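Any read-out appearing in this document is the output of simple, stated calculations on the displayed coordinates, not a laboratory observation. Since we're looking at a predicted model, the values are computed, not measured. When we count neighbours, we look across all protein chains shown, and the Cβ atoms used for this are built from the backbone with ideal geometry, even at glycine.
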Amino acid sequence: MRRAATVALSGGLLLTASPLTAPAQAAPAIPSISAKGGYMVDQATGKAIYGKSNNTRRQMASTTKVVTAITVLTTPGVNLNRKVTVKQTYRDYVVREGGSTANLQTGDVLTVRQLLSALMLPSGCDAAYALADTLGTGSTTAARTKSFIGMMNKKAAKLGLKNTKFDSFDGISPGGQNYTTPADMAKMARHAFSSPVLQEVVKATRYVTTATTSKGTKRTYTWNNTNTLLGSYKGAVGMKTGTGTAAGPCLVFAATRNGKTYVGVVLNGTDRFRDAAKLLDFGYGSTSAKSMSLRSLPAGTQRD
C-alpha cells in the first residue's frame with residue numbers, strides 16, 4: 001500500500017492523491033476549471049484537496065458576506081433575536097451602489113437571525129449594512145460600519161490570513177482593498193462553516209419570514225438563494241455567490257456526502273457552479289458534474 005501524497009504542480013496547482021491498494025489504480029484526473037483561482041479542503045481536517053493559483057490575491061465580491069456573517073455570529077454576546085429597524089440609509093446605499101438587495105423596507109423590524117438569511121440568500125447589501133451598523137461600535141453609522149469592517153480584518157488576522165483584507169462589509173469595495181486568495185478564503189470558509197447557525201442559513205434554497213412594519217402590521221419577505229449549486233449537486237449544503245466587475249463570478253461552496261464534507265472557493269470563473277461540481281467530484285470520486293442541471297431561480301429573481 002502506498003501512502004497518500006500531496007503533489008505540488010506548476011502554477012500553484014496541487015492535488016491530494018488517495019491511498020492506493022493493490023491492484024494499483026490510476027489517480028483521478030486533475031479537474032480543469034474556468035476559474036482563475038480555486039481551492040478546496042476537507043472540512044474536518046483542513047487538508048488541501050485541490051488548489052489553483054492558491055496565493056494570488058483577487059477581489060471576492062459578495063463572497064465577502066461569508067465573513068460578514070461569521071463576524072456577526074462570533075461577536076461576543078451576540079443575540080440572534082435582537083431587533084433591528086431598517087433605516088432609509090440602507091436602501092439609499094443599495095440604490096447608489098447598484099448593489100444586490102433583500103429589498104428591506106424602511107421602518108420594518110427584523111431580527112439579526114432574519115437579517116443573516118437576507119444577507120446570505122439574496123445577497124442583500126442592505127442586510128449587510130444593517131448588520132454592520134448594528135454590531136459595530138461608535139456613535140455614528142459611519143463609525144459603526146468602520147468598526148465592523150475592523151472586526152472582519154481582526155478575524156482574518158486571527159486565522160492567519162496574510163493575503164486577505166477588507167474595506168467593505170459586503171464586497172462593494174470603495175478603494176479596491178477588499179481581496180483574498182483561494183487558499184485564504186477556503187480557510188475562512190472552513191471556519192465559518194463550523195457554525196451550526198451559518199450551516200442552517202446557507203443550506204436553504206428559499207426562506208420565507210415575516211417582519212413588523214412601522215405601522216405595526218406584518219410584511220412577508222421571500223428570499224431565494226442565488227447559489228444554484230444547491231438543489232443541483234447531490235450533497236451541496238452552501239455557501240455564497242458573488243459577482244463584481246473586478247472580481248468576476250465567484251463562489252464559496254460546501255457539500256456533504258456519506259459524512260465527508262468539503263468546502264472550497266472559485267474566484268473569477270465563467271462557469272463557477274460547474275467548477276465547484278468538478279472539484280467536489282474530484283474529492284468524492286464521482287461524475288455528477290457531467291450530468292448536473294442547475295436549479296432554476298424564479299422569474300425576476302436577481303442574480304449575484
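Scan segment 84-124 for residues that are in contact with a helix residue (DSSP H, G or I) (Cβ under 6 Å, 6 or more places away or on another chain) and within 19 Å of residue 73 (Cβ to Cβ) and jot them down.
84, 102, 115, 116, 117, 118, 119, 120, 123, 124
Scan the strands (runs of 3 or more DSSP E) fully inside segment 198-282 and keep the ones with 3 or more residues being over 25 Å from residue 80 (Cβ atoms) and not basic (Lys, Arg).
The qualifying strands (runs of 3 or more DSSP E) are 248-257, 260-267.
Looking at segment 133-152, I want the residues that are free of Cβ contacts under 8 Å to residues at least 24 places away in the same chain and have a partner that is assigned to a helix (DSSP H, G or I) and charged (D, E, K, R) with Cβ atoms under 6 Å, at least 6 apart or on another chain. Which pairs are those?
Close Cβ pairs satisfying both conditions: 136/144; 138/144; 144/133.
Name the residue that is farthest from residue 106 (Cα to Cα), counting only residues in segment 126-155 that are part of a loop (DSSP other than H, G, I, E, B) and among the β-branched types (Val, Ile, Thr).
Residue satisfying both the conditions and the ranking: 137.
Starting from segment 190-204, keep only residues that are at positive phi, then list their pairs with residues that are assigned to a helix (DSSP H, G or I) and surrounded by fewer than 21 Cβ atoms within 10 Å (Cβ to Cβ) whose Cβ atoms are within a distance under 7 Å, requiring at least 6 positions of separation or different chains.
none
Among (1) in contact with a Cys (Cβ under 9 Å, 6 or more places away or on another chain); (2) loosely packed, with under 15 Cβ neighbours inside 10 Å; (3) not polar (S, T, N, Q), which single condition is residue 208 missing?
(1)
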